[in-house]
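Nothing in this text is a laboratory measurement; each read-out follows from the coordinates by a stated rule. Note that this is a predicted model, so its numbers are computed, not measured. Every residue, glycine as well, gets a Cβ built from its backbone with ideal geometry; the counts of neighbours run over all protein chains shown.
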Amino acid sequence: MPATLRAGGGTATLANSAWPNGPYLTGDWCGSRTRLENDGIDPYLIYTSIVAANVSGGVRQGGPEYAQDVNPGVTLDMHKLVHWDGATININGVDRIGHTIRPDVGSIYDPVQIYGGQTYTLYNVTLEQRFLDDKAALKIGRLSPGDDFAESPLYNYYVNNGIDGQIRAVIRDTRFKTYPFPVWGARLRFDPDPQFNLQTGLFEAPDRIADPANHGIDFALNSHDGIMLVEQLGWTPTFGEPGTLNPKSVPPNTGLPGHYFAGGWWSSADYPQFGTTQRTHISYGFYAHGDQMVYRPTPGSDTGLTLFGTAAYAPQPNISLIPFQLSGGALYQGLVPDRPADMSILGVIWGTFSDDYADTIEPQFDARATSEVALELGYRFQFTPFAYAQPDLQYVVQPGGTGNISNAFILAAQFGLTF
């Protein structure tokens with residue numbers, strides 16, 4: 001998932017940044033970009049592509065396949081534009097083309113994270129209003145729960161969709177929409193102090209939203225769609241300073257930062273049950289995430305080692321494909337000397353299939369689906385702030401969960417540009 005939602009200020013240092021050290025491939029447009037930013041208009045375009053091939057195992061060898069995601073948008077600072085304090089408008093779209101190698105692998109988790117919704121789509125149209133001295137923010141409009149819930153910027157370094165984007169089991173087990181599929185909704189965030197935050201989200205939960213023919217402009221609200229309520233509590237401590245965990249009482253950026261959150265969802269939408277024509281009218285579940293920088297060679301630097309782990313639990317085996325999932329990984333920025341912006345990544349995801357789902361496919365495969373594991377190893381060459389290339393290796397253990405498909409070895413590469 002590309003970095004689609006920006007809070008503005010992306011060009012704050014543009015006037016002082018010489019190309020290629022600036023944030024954009026197209027530079028400052030002879031000063032026009034800086035003038036637009038000073039007026040409150042921040043345009044952007046993010047390009048992401050993946051080339052992947054299944055070179056061994058799986059259903060069959062396949063690829064290479066190419067997939068592409070183009071994400072144009074603009075962030076409007078309404079204070080600069082019309083003196084509307086605390087207000088930001090964000091508008092962006094998505095254009096996706098290409099294919100995935102998932103049918104060749106036979107896996108539940110897609111090895112190509114930008115596959116899905118392969119068409120052009122109007123995605124994010126939101127107004128965010130900050131208040132209470134910037135301790136609270138309300139965002140409303142066309143968005144998705146995945147913009148703010150069950151997500152971490154660390155996930156975006158991964159190519160396998162089991163880790164990238166959001167905690168994947170949450171998406172597979174309910175109508176928890178994410179990029180590039182927008183719904184009507186609202187999110188209220190409260191930050192009482194620098195260490196804690198609380199988010200509440202209310203979203204529509206339609207079953208037709210993933211239809212690419214809608215192009216993100218099916219704005220209808222139907223009474224049978226149902227709703228989704230999401231709650232999340234976050235904690236962002238800084239460790240490593242003598243006698244304190246309070247970021248206010250230590251020099252900034254000298255300790256080891258961590259990010260922790262736990263949340264849950266409840267939905268009133270209509271969910272089909274495995275192996276029957278009956279439907280369940282309630283979906284609920286829980287998730288948690290923790291990431292912690294554990295090593296920083298120089299106080300205040302961005303380089304160092306960060307570990308993370310996630311868990312998701314959806315206690316409804318009659319409708320939940322993956323009722324229990326764990327994932328984790330390690331990211332080291334600046335592992336190679338003289339390349340402080342490069343990122344080395346290692347990740348693993350393990351998901352167990354529900355017994356009800358296993359019952360439905362056992363006659364077809366003469367085996368029960370139990371679990372699937374995906375391992376990933378990659379290295380992102382950050383050539384400039386606006387350009388990277390990331391060779392990537394993936395190994396999928398027991399694709400599809402039954403054991404009837406041999407383990408798959410995948411070669412991939414991800415590329416990104418910010419225009």
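Please compute P(r) over all alpha-carbon pairs of the range 161-222, binned at 5 Å starting from zero, and give each bin as a whole-number percent.
Using 5 Å bins, I get a P(r) of 4, 14, 21, 21, 19, 12, 6, 3, 1 for the range 161-222.
Stick to Cα atoms and the Kirkwood definition of Rh, then tell me Rg/Rh for the range 74-210.
1.01
For Cα pairs less than 8 Å apart in space and 6+ apart in sequence, what is the mean separation divided by the residue count of the range 177-216, i.e. the relative contact order in percent?
Taking the mean separation of contacting Cα pairs over the length of the range 177-216, I get 41 percent.
Step through the residues of the range 113-125 one at a time and calculate ³J(HN,Hα) from phi using the Karplus curve (6.51 cos²θ - 1.76 cosθ + 1.60, θ = phi - 60°), rounding each to whole Hz and writing x for Gly and Pro.
6, 9, 9, x, x, 6, 6, 8, 9, 7, 9, 9, 9
Please give the net charge around Val159, taking every other residue with its beta carbon less than 14 angstrom from that of Val159, where Lys and Arg add +1 and Asp and Glu add -1.
On the way: positive: Arg102, Arg168, Arg380; negative: Glu65, Asp69, Asp110, Asp164, Glu376, Asp392.
Local net charge: -3.
Can you bin every Cα-Cα distance in the range 246-385 into 10 Å intervals starting at zero and give me the percent of pairs per bin, rounded to whole numbers?
Result returned by the calculation: 11, 27, 26, 19, 14, 5, 0.
As an exercise, find the ratio Rg/Rh for the range 359-419 from alpha-carbon atoms, using the Kirkwood inverse-distance average for Rh.
For the range 359-419, the value is 1.25.
When Lys and Arg each count +1 and Asp and Glu each count -1, what net charge do the other residues less than 11 Å away from Ala369, Cβ to Cβ, add up to?
Once positives and negatives cancel, what remains is -4.
May I ask for the equivalent-ellipsoid semi-axes of the chain, computed as the square root of five times each C-alpha gyration tensor eigenvalue and listed largest first in whole Å?
Semi-axes (√(5λ), whole Å): 34, 26, 23.
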